[in-house]
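Visitor: To start, I am sharing the structure in question, which I have written as structure tokens.
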Amino acid sequence: MPRSGKLVRISLVVAAAAAVAVVAVVTAGTASARSSSNGVTGAGSTFVAPLVATWMSPVKQQLGLQLSYNAIGSGGGVSAITNKQVDFGASDAPLSQFNPTCSTCVQVPWALAATGVMYNLPGLSNLRITGSVLAQIYMGKITKWNARVLRKLNKGKSLPNTPITVVHRSDSSGTTYNFTDYLSRVSHAWKSGPGTGTAVNWPTGEGEKGSAGVSGAVRGTTGAIGYADVYYALHNRFGLFRIKNRSGTFAKPSAKAIVAAAQLDTHPKKDGSLSIVNPPKSQKYRSAYPICTYTYVDVQKTTSNAAGIKKLLNWAVTKGQKYGKPILFEPLPTGVVTFDKKQIKKIHS
């Protein structure tokens, strides 16, 4: 599709999105914006942008801080904080996954959500899929919606003879890391091929920048499939796959399913990283959605805006958590909040 066509359909999705998502992008300015005496600037993850946007008004009212954020993708966020262009960077992958990374940063897991696998097939909801079949689609081995394996998984559904248009991120993305980490765990072919990363060599498909770009491509193409924070799929009323977890349940990304997956890891490693992808077969994880993730905020340990940043982060991991529930960001487990408070104390001027 011509570049102009992509821009049109992406704009349509942004225009149709909730006001909070628009604010997250429009009010942010550039990644190199300097913070004011009563402001905190950030850049990075498009996955977490809807949550950050919901925080802007209460942060102003309750903390007296002007919060601005530029949703440029996780790779851009890590680059911006590494180069000290912003007060914080946001990423859905641990800092260890980026090269170069920020060796002088504190990493704080500050939100919990899921990566939804969305599709555009009008009239067909709650389709089922397995991880291995999803990997085959993204490797270009299953190319039609009425492929035998999809019909077998979705008995009673009238699947069309429509080509599957694969959509993926074109930029360095923490959401891509979460998605490909899952595919590597459920498919030997994927693990030994494209593998896991914030950017991989995609065997097939169309690349788009940011979650809005992926959502725009899916919205504009009947038969398309893509991945993004579940908020984008729900708001745009896309179909969302129920994905078979290791306990045998076809789980849809819901509050219950995210909370169940989060039980897998509630005590961050020394660097602040956690992993809750593809929980094992167990009654404990029976309802868990298999592509969930913590998302991180990264801050320089030494910064002139330490007071404002610490005030914001302490609020975000405690009182700020309640603002995420309407858009399927679930409250952090107690063990993670305890760890976060210790990490935040390491930030100083």
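The values are calculated or read from the model by the stated rules, or taken from the named source; none is laboratory data. Because the structure is predicted, anything quoted here is derived from the model rather than measured. Cβ atoms come from the backbone with ideal geometry, glycine included; neighbour counts cover every protein chain shown.
One line per residue, one yes/no per condition, for (1) over 22 Å from the mean Cα position of the chain (by Cα); (2) free of Cβ contacts under 8 Å to residues at least 40 places away in the same chain:
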{"site": "274", "(1), (2)": "no, no"}
{"site": "278", "(1), (2)": "no, no"}
{"site": "292", "(1), (2)": "no, no"}
{"site": "299", "(1), (2)": "no, no"}
{"site": "303", "(1), (2)": "yes, no"}
{"site": "309", "(1), (2)": "yes, no"}
{"site": "324", "(1), (2)": "no, no"}
{"site": "331", "(1), (2)": "no, no"}
{"site": "337", "(1), (2)": "no, yes"}
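Visitor: Would you confirm whether any residue within the range 24-43 is at pLDDT 95 or above and either closer than 16 Å to residue 211 by Cα or in a helix (DSSP H, G or I) (or both)? Explain how you work it out, then say what you get.
Guide: Residues of the range 24-43 that are at pLDDT 95 or above, as a first pass: 39-43.
With the extra rule that they be either closer than 16 Å to residue 211 by Cα or in a helix (DSSP H, G or I) (or both), the set shrinks to 43.
Yes, the range 24-43 contains a residue that is at pLDDT 95 or above and either closer than 16 Å to residue 211 by Cα or in a helix (DSSP H, G or I) (or both).
Visitor: Sticking with this structure for a sec: Across the range 258-272, what is the number of residues that are of a type in the set (S, T, N, Q) and more than 16 Å from residue 245 (Cβ to Cβ)? Write out each step before concluding.
Guide: Taking the range 258-272 first, the residues of a type in the set (S, T, N, Q) are 263, 266.
Then keep just the ones that are more than 16 Å from residue 245 (Cβ to Cβ); that gives 266.
Result for the range 258-272: 1.
Visitor: From the list 240, 332, 313, 328, which residue is closer than 29 Å to residue 159 by Cβ and in the same structural domain as residue 86 (by TED's automatic domain parsing)?
Guide: On the way: 240 fails: in the same structural domain as residue 86 (by TED's automatic domain parsing); 332 fails: closer than 29 Å to residue 159 by Cβ; 313 fails: closer than 29 Å to residue 159 by Cβ.
Only one candidate qualifies: 328.
Visitor: Which of the residues that make up the range 249-278 are surrounded by 18 or more Cβ atoms within 10 Å (Cβ to Cβ) and in contact with an Asp or Glu (Cβ under 9 Å, 6 or more places away or on another chain)?
Guide: Residues satisfying the conditions are 258, 262, 268, 272, 274, 276, 277, 278.
Visitor: Could you run through the range 212-237 and say how many residues are at pLDDT 95 or above, under 21 Å from residue 289 (Cβ atoms) and either among the hydroxyl-bearing types (Ser, Thr, Tyr) or assigned by TED's automatic domain parsing to the domain that holds residue 49 (or both)?
Guide: 2
Visitor: Looking only at the range 202-239, filter to residues that are of a type in the set (A, V, I, L, M, F, W, C) and within 15 Å of the chain's Cα centre (by Cα); which one of those is nearest to residue 168 (Cα to Cα)?
Guide: Of the range 202-239, the ones of a type in the set (A, V, I, L, M, F, W, C) are 202, 212, 214, 217-218, 224-225, 228, 230, 233-234, 238.
Among the residues that remain, those that are also within 15 Å of the chain's Cα centre (by Cα) are: 212, 214, 228, 230, 233-234.
Details: 212: 11, 214: 6, 228: 9, 230: 15, 233: 14, 234: 18 Å.
Once the filter is applied, the top-ranked residue is 214.
Visitor: I'd like to know if the range 86-94 contains one or more residues that are buried (at least 22 other Cβ atoms within 10 Å of the Cβ), more than 24 Å from residue 319 (Cα to Cα) and touching a Cys at 6+ places or on another chain (Cβ under 8 Å).
Guide: no
A quick yes/no check of all residues on (1) within 23 Å of residue 49 (Cα to Cα); (2) of a type in the set (A, V, I, L, M, F, W, C); (3) out of contact with any helix residue (DSSP H, G or I) (no Cβ under 8 Å at 6 or more places or on another chain):
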| residue | (1), (2), (3) |
| --- | --- |
| 251 | no, yes, no |
| 260 | no, yes, no |
| 276 | yes, yes, no |
| 288 | no, yes, no |
| 296 | yes, no, no |
| 299 | yes, yes, no |
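Visitor: Report the residue count in the range 306-329 for those that are buried (at least 22 other Cβ atoms within 10 Å of the Cβ) and either outside any helix (DSSP H, G or I) or in contact with a helix residue (DSSP H, G or I) (Cβ under 7 Å, 6 or more places away or on another chain) (or both). Step through it out loud before you land on a result.
Guide: Our first condition is that a residue be buried (at least 22 other Cβ atoms within 10 Å of the Cβ); within the range 306-329, this holds for 308-309, 312-313, 316-317, 320, 324, 328-329.
Next, from what is left, pick out any that are either outside any helix (DSSP H, G or I) or in contact with a helix residue (DSSP H, G or I) (Cβ under 7 Å, 6 or more places away or on another chain) (or both): 312-313, 316-317, 320, 324, 328-329.
Total meeting the criteria: 8.
Visitor: Name the one entry in 199, 233 that is crowded, with 24+ Cβ neighbours inside 10 Å and in contact with a Gly (Cβ under 8 Å, 6 or more places away or on another chain). Full working, then the answer.
Guide: Details: 199 fails: crowded, with 24+ Cβ neighbours inside 10 Å.
Going through 199, 233 in turn, just one is crowded, with 24+ Cβ neighbours inside 10 Å and in contact with a Gly (Cβ under 8 Å, 6 or more places away or on another chain): 233.
Okay, residues lined up against (1) assigned by TED's automatic domain parsing to the domain that holds residue 202; (2) buried (at least 24 other Cβ atoms within 10 Å of the Cβ); (3) assigned to a strand (DSSP E or B):
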site	(1), (2), (3)
78	no, yes, no
84	no, no, no
101	no, no, no
108	no, yes, yes
133	yes, no, no
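Visitor: Any idea which of 171, 92, 181 is outside the structural domain of residue 311 (by TED's automatic domain parsing), modelled with pLDDT of 95 or more and in contact with a helix residue (DSSP H, G or I) (Cβ under 8 Å, 6 or more places away or on another chain)?
Guide: After applying the criteria, what remains is 171.
Visitor: Is it the case, given these coordinates, that residue 176 is in a loop (DSSP other than H, G, I, E, B), under 19 Å from the mean Cα position of the chain (by Cα) and under 20 Å from residue 212 (Cα atoms)?
Guide: Numbers: in a loop (DSSP other than H, G, I, E, B): no; under 19 Å from the mean Cα position of the chain (by Cα): yes; under 20 Å from residue 212 (Cα atoms): yes.
So residue 176 does not fit the description; no.
Visitor: Any residue at all in the range 125-138 that's within 17 Å of residue 217 (Cβ to Cβ) and among the polar types (S, T, N, Q)? Give the derivation first.
Guide: Filtering the range 125-138 down to residues within 17 Å of residue 217 (Cβ to Cβ) leaves 137-138.
Add one more test, that the residue is among the polar types (S, T, N, Q), and what stays is none.
No.
Visitor: Same structure, new question: Residue 21: at pLDDT below 95, surrounded by 24 or more Cβ atoms within 10 Å (Cβ to Cβ) and not aromatic (Phe, Trp, Tyr), yes or no? Steps first, please.
Guide: Values: at pLDDT below 95: yes; surrounded by 24 or more Cβ atoms within 10 Å (Cβ to Cβ): yes; not aromatic (Phe, Trp, Tyr): yes.
When the stated conditions are applied, residue 21 passes them.
Visitor: Further question: Here is a list of conditions, (1) among the aliphatic types (A, V, I, L, M); (2) assigned by TED's automatic domain parsing to the domain that holds residue 93; (3) within 30 Å of residue 221 (Cβ to Cβ); (4) in contact with a strand residue (DSSP E or B) (Cβ under 7 Å, 6 or more places away or on another chain), and residue 257 meets all of them except one; can you say which number that is?
Guide: (2)
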